[in-house]
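Just so it is clear, none of the values below were taken in a lab; they were calculated from the coordinates. Computed from a prediction, not measured in an experiment: that's the story for all the values here. Positions of Cβ are backbone-derived with ideal geometry, glycine not excepted, and every protein chain shown enters the neighbour counts.
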Amino acid sequence: MLLIHCPYCEEERPEMEFRHAGEAHLERPKNIAEISDEAFAAYFFYRDNPKGVVFERWRHLHGCARFFNAARDTVSDKFLTTYKAGQPKPDLVGAANMNIPAKSGKSGK
Amino acid sequence: MSSAGEHRIAGVGRLTPANPVRFTFDGKAYSGLQGDTIASALIASGVHLVGRSFKYHRPRGILSDGPEEPNALVGVRRDAARATPNVRATVQEIYDGLNAVSQNRWPSLSFDVGAVNDIASPLFSAGFYYKTFMWPKVAWEHVYEPFIRNAAGLGQAPTEPDPDHYAAQYAHCDVLVIGGGVAGLSAALAAAESGARVILCDERAAFGGALRFEAEARLDGKPGYDWAQDAAATLAAMDNVRILSRTTAFGYYAQNFVGLAERVTEHLAAPAADAPRERLWQVRAGRVIIAAGAIERHMVFANNDRPGIMLASAARTFLNHHGVAVGRKVGVYTANDSAYAAAIDLKKAGIDIPAIVDVRDNPQGSAIDEARAFGIRVLTGHAVTGTGGKLRVASMIVEPNKGGAAEIIPVDALIMSAGWTPSVHMFSQSRGKVAWDAATERFLPGTYAQDCVSIGACNGTDRLEESVSEAIAAGESAAKATRKRAKKSKVKIAVEGGGDWTGSMLGAGPNGANGKVIKAFVDFQNDVTAKDIRLAVQEGMHSIEHVKRFTTNGMATDQGKLSNLHGLAIAAEALGREIPKVGLTTFRAPYTPTTFGAIVGHARGELFDPARHTPMHESEVAAGAVFEDVGPWKRAWYYPRAGEDMHAAVNRECRTVREVAGMFDATTLGKIEVVGPDAAEFLNLIYTNPFLKLGVGRLRYGIMCREDGFIYDDGVVGRMAEDRFHVTTTTGGAPRVLQHMEDYLQTEFPHMKVWLTSTTEQWAVIAVQGPKAREIIEPFVEGIDLSNEAFPHMSVREGTFCGVPTRLFRMSFTGETGFEINVPADYGRQVWEKVYERGKSMGMCLYGTETMHVLRAEKGYIIVGQDTDGTVTPYDAGLGWAVGKNKTDFVGIRGLKRPDLVADGRRQLVGLKVKDGKTVLEEGAQIVADPNQPVPMKMIGWVSSSYWSENCGRPIALALVEGGFERMGRTLYVPMPDRAIEVEVTGTVFFDEEGGRING
Ligand SMILES: [Zn+2]
């Protein structure tokens, strides 16, 4: 079970308090009624599915109930950082340093 | 000779002869000592044959003394419900009355019919399953599957439900130490003395690990095993330490989350009735110290699987710990020094060692010198190339590696060591990457992925002294890393002795499997031989993952703890590649088999998925309701009276509602209070309908779409004040609708001042529907004018009902005059009883969800999720009137204009009239235009709702049909196995088409 840092509660809480909510940084067009079929498809249907860092939304459902954003590595399953909804995509180099787990043990001989 | 077995040697071992324990194996009575496992107690009585192998049914014995055991699996049976198959005899402690049985044999262990597989073994070589069971298809059903089912799996599952209970506990600590051998104990002492909160677990009954057999080691001047018991006692007495024996760390998950399974009562003769059988620990640790030790490997040579052939360390444990000699004439075959120590210990105990056969040409070291000094014949540069015997090994065939005459040496046991495999299982589970150490021929922890550290034998640290100092350092630094005010521990442990073993052999020994059909076993539990692995390579398997699956090497319940490296080495040799290039399969949880009971814990039966009851539930039970599950809710389905079946009850309820009145529990509908200055604006965006101009005190039926334009949910919304709405949702939709609204509010429209609160549990909702509804509720209502003029259909008023505050809705899901009485949930049952008492006297009935469904279908009202399937737009459902034509934005506005959604030929909701006037269509049945077309027919739609309508006197149905609105009056067909049912396309309203009754 993952521990997820809620940027609103400012606490690490167990995964079962949270619900995944899809890709982050997809903004609903203000003039949605007028956009082209292609633009609508790009907004609503097409999603990235990268191997590596994803930006995704989570909701602290059984906590503060807020939606927030996270950068997670789909290979290691590690959260690089979490941040509030509406904030820009973080600089991942800096973020990784902030939130990476404590130093690992010694390497094998 | 001792009563606890004729192979028990007086004065040897640590068990107390004063504590005898009686048990049975295959019905025969045996006696062992407190502290024995089934394995040690059977060997003490001279029993080595304990099971038959999986594929070839070959006689098998006890190979190891621990959890890695692949062979000695037995059934342990307390009663019909407590019969556990595949228990490792090397782990299960004996208790008075223990009843163990051998597995995979018929009719008896010593004479087994299935052993014919052994003679027919060329038929069962690698890939046998894949090649043999290919075709024809029909053979699967009648030949292959029954055969596989009979042959597959070892042991018998219990025939009754498990009556025991299983506990579960979360735990947090600074330092979790996995493994309680010398390294784990030392690390735990150092971490605990530094002030860290420590959990130490070990899968065995007692701590000490290799100190159980390592007789020469002394720590702090004490014999090693005694030191371990003292260390465990010291730790147990500390407030900041929890030590768990009989507890296996089986899974290592993200962020140092580790699963431990504690076996609480499996070793007890008479467990307390309230004791859990097992306890699942879910531990979150600051740092994990892995001190899992190493596992000795067997030698791979022909017929290396006869009972009496075992690992050298096992023989040493049986001797030094249990006081049991594994034979009277014990042969040794080794590539490693540690087997010498076992031979010397046995020799000292008076056991004859006819020869040590060492595959190495010129092994050097004190162990070899000492063996020679004891007068043991040491044959270096030799190999054991076969064994004799049937149900027990009787001889070993020894040949010089350089060629020469074979010698047959009689033995009654044969011990072996191909070296030690560091247990990197937990490290690998933590997603760490192992690294190949070519000098010592082993995989060691390489790159770490989590905050953990490996120490001792599992880290490749061989010398006892080094293990101890490495452990103390790891314990201290773990405390420092996880604890703010860690102090320096004063732990110092003086070390003397302990093995310093070199030597290793991977793969098959000389003459191991060249050409001849011989069985040199790599994986004992799955009966995989060296030849099978070579065959797999020959047949094109070049990745170890493919070799593993083709041969099933390492895929049995022991997960190849002994076999993986041998298999890999043989594959690498056959491929002509280096071992690390061929790869190592990933270790996965669980480390050893873990019971479903432990994992499930209390979450079973009624606690698996708790049911939700409405406040009126008990009244409904008393009224004889039959309930159905709707999501997590128990909803009254129908209320049968004496002699009524469901059909009769529903017909009566349907008639009564339309003729008099009926009362229905609508509490489960989702309810959301939407409040704030922008509440109307917000709902205007969420629903397709216009909401800005809805007057206070008015209700509106609203449809909610997703952005793609498909119906997501529906419900009635009441405006309680300018800035306050009472929203209802479908029963199943309540949580997702709130999530959907919160999502838009928080992330797309965050500028809006709106607050959303789930109020589903706050209100009890009682629907009273029918011509007499008003008359029934009238005496209970205060502060609300109930007249049709003052309180028309689709209105809401606040007042009191039975003296309780109410939000009274004038609305209908039946087409009759109707009210929905919302009262605070705590008053729900009293109000329900009051209304029922009066209504009953006037001829009203209670009705359930089935009647509700029929009545709404008679009116063509849809149920989202039944008449829609996530691809239905409001227009498809005939609800285009509910889409605000002048709105410039709402969720779904763009999606509804997508080319496919405005194209002709969409499936549209229509009514179906069955031409014969009596057949009730099956919901989900497909619809075709021409019943005589060839199969597969073109299906143009399906039946979404279908009932017998007592009020119409005929069956009614709703269906989604391609271009349905254009097919009014046309004949279509519903093909069934026996005939095609003729139907006519109609409108969706079957009863009171003018709709006058609702305004009565
Ligand atoms: Zn939160």
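Taking chain B as the reference, fit the longest principal axis to its C-alpha atoms, fit the long axis of helix B:464-482 to the helix C-alpha atoms, and give the angle between the two in degrees, 0 to 90, nearest 10.
30
Over chain B, consider all pairs of different Cα atoms and compute the Kirkwood hydrodynamic radius from their mean reciprocal separation; express it in Å, one decimal.
Roughly 34.1 Å, rounded to one decimal.
What are the radius of gyration and Dmax of segment A:3-84, computed over its Cα atoms and given in Å?
14.5, 42
If one computes the Cα centroid of segment B:726-775 and of segment B:61-89, what distance in Å separates the two points?
Taking the Cα centre of each part, segment B:726-775 and segment B:61-89 sit 56 Å apart.
Return the loop-located trypsin sites (Lys or Arg not before Pro) in segment B:695-791 (DSSP other than H, G, I, E, B) with at most 15 other Cβ atoms within 10 Å of their own Cβ; answer none if there are none. Display every interim value, and only then the final one.
Working: sites: B:Arg698, B:Arg700, B:Arg706, B:Arg719, B:Arg724, B:Arg736, B:Lys753, B:Lys772, B:Arg774; in loops: B:Arg706, B:Lys753, B:Lys772.
Answer by residue number: B:Arg706, B:Lys753.
For a paramagnetic label modelled at 7 Å from the Cα of B:Glu748 toward its Cβ, which residues of segment B:697-735 fall within the zone defined by backbone nitrogen distances under 12 Å?
Answer for segment B:697-735: B:705-710.
Starting from segment B:503-610, pick out the trypsin sites (Lys or Arg not before Pro) whose DSSP state is loop and whose Cβ has at most 12 other Cβ atoms within 10 Å.
Those that pass, being in a loop and sparsely packed, are B:Lys516, B:Arg588.
Taking amide H atoms as placed 1.01 Å from N in the peptide plane, list the residues 5 or more away in sequence, or in a different chain, whose amide H sits under 5 Å from that of B:Ile356.
B:Arg377, B:Val378, B:Leu379
Treating only the Cβ of Lys, Arg, Asp and Glu as charged (+1, +1, -1, -1), what charge dipole size does chain B show about its Cα centre? Round to the nearest 20 debye.
For this selection, approximately 1560 debye.
List the trypsin sites (Lys or Arg not before Pro) within segment B:249-329 that DSSP assigns to loop and that have no more than 11 neighbouring Cβ atoms inside 10 Å.
Passing sites in segment B:249-329 do not exist.
Have a look at A:Ile4, A:Ala24, A:Leu61 and report the one farthest towards the positive end of the charge dipole of segment A:3-84, computed about the Cα centre with Cβ charges (Lys/Arg +1, Asp/Glu -1).
Value: A:Leu61.
At 20 °C and a viscosity of 1.002 mPa s, what translational diffusion coefficient does Stokes-Einstein give for segment B:498-652, taking Rh as the Kirkwood radius over Cα pairs? Give it in µm²/s as a whole number.
Answer from the Stokes-Einstein relation: 103 µm²/s.
Skipping prolines and chain starts, which residues have an amide H placed within reach, meaning under 5 Å, of the one on A:Ala85, given they are 5 or more residues away or on another chain?
Residues meeting the criterion, in which the H sits 1.01 Å from N, are A:Asn69.
Per-residue HN-Hα couplings for segment A:19-29, Karplus 6.51 cos²θ - 1.76 cosθ + 1.60 at θ = phi - 60°, whole Hz, x for Gly and Pro?
Listing the rounded values in order: 9, 5, 9, x, 5, 9, 6, 10, 9, 5, x Hz.
In degrees, nearest 10, range 0 to 90: what is the angle between the Cα axis of helix B:646-659 and the longest Cα principal axis of chain B?
30
Can you give the direction-averaged projected area of the convex hull of the alpha-carbon atoms in segment B:305-416, in nm²?
Values: hull surface 25.2 nm².
Spelled out: convex hull of the Cα atoms, projected over all directions, averaged, 6.3 nm².
As an exercise, find the ratio Rg/Rh for segment B:898-999 from alpha-carbon atoms, using the Kirkwood inverse-distance average for Rh. Don't skip to the answer; put the middle values down first.
Values: Rg = 14.3 Å, Rh = 14.3 Å.
So for segment B:898-999, dividing Rg by the Kirkwood Rh gives 1.00.
For the protein assembly as shown, how big is Rg over Rh, using alpha carbon atoms and the Kirkwood form of Rh?
1.07
Give the value in nm², to one decimal: projected area of the alpha carbon convex hull of segment B:338-381, averaged over all directions.
2.6
Could you tell me the center-to-center distance, by alpha carbons, between segment B:260-291 and segment A:24-77 in angstrom?
Between the Cα centres of segment B:260-291 and segment A:24-77 lies a distance of 42 Å.
Per residue of segment B:199-208, in order, report the coupling 6.51 cos²θ - 1.76 cosθ + 1.60 (Karplus, θ = phi - 60°) as ³J(HN,Hα) in whole Hz, putting x for Gly and Pro.
My calculation for segment B:199-208 gives 10, 10, 10, 8, 6, 8, 5, 10, 7, x Hz in order.
May I ask you to derive the FRET efficiency for A:Phe45 and B:Ala275 from their Cβ-Cβ distance with R0 = 41 Å, giving the value to the nearest 0.05?
Calculated value: 0.15.
List the Cys residues of the protein assembly as shown that have no partner Cys with a C-beta closer than 4.7 Å.
Within the protein assembly as shown, the cysteines lacking a partner Cβ under 4.7 Å are A:Cys64, B:Cys173, B:Cys201, B:Cys452, B:Cys458, B:Cys654, B:Cys705, B:Cys802, B:Cys845, B:Cys952.
With no solvent and one equal point scatterer placed on each C-alpha of segment B:669-759, evaluate the Debye formula and give log10 I(q)/I(0) for q = 0.15, 0.24 Å⁻¹, two decimals.
One equal scatterer on each Cα of segment B:669-759 leads to -0.48, -1.36.
Percent of alpha carbon pairs in segment B:181-258 separated by more than 16 Å?
52
Would you work out the charge dipole size for the protein assembly as shown about its Cα centre, treating the Cβ of every Lys and Arg as +1 and the Cβ of every Asp and Glu as -1, and quote it to the nearest 20 debye?
About 1880 debye.
For the pairs B:Lys859/B:Lys938; B:Lys634/B:Lys915; B:Lys433/B:Lys581, flag any whose C-alpha to C-alpha distance is greater than 26 Å.
Correct reply: B:Lys859/B:Lys938; B:Lys634/B:Lys915.
Length gain on complete extension for the stretch B:Ala439 to B:Ser366, per 0.36 nm per residue less the alpha carbon to alpha carbon distance?
Full extension of this stretch gives 24.2 nm more.
Per residue of chain B, what 222 nm ellipticity follows from adding -39500 (n - 2.57) for every DSSP H run with n ≥ 4, rounded to the nearest 500?
-6000 deg cm²/dmol
For B:Ser949, enumerate residues with amide H under 5 Å from its amide H, sequence gap 5+ or separate chain, H modeled in the peptide plane.
Long-range HN contacts for B:Ser949: B:Arg954, B:Ile956.
Using only the alpha-carbon atoms, how far is helix B:338-348 inclined from the longest principal axis of chain B? Give it as 0 to 90 degrees, nearest 10.
That helix lies at roughly 60 degrees to the long axis.
Report D for segment B:609-755 in µm² per second (integer): Stokes-Einstein, Kirkwood Rh on Cα pairs, 10 °C, 1.306 mPa s.
Using the Kirkwood radius from Cα pairs, D works out to 91 µm²/s.
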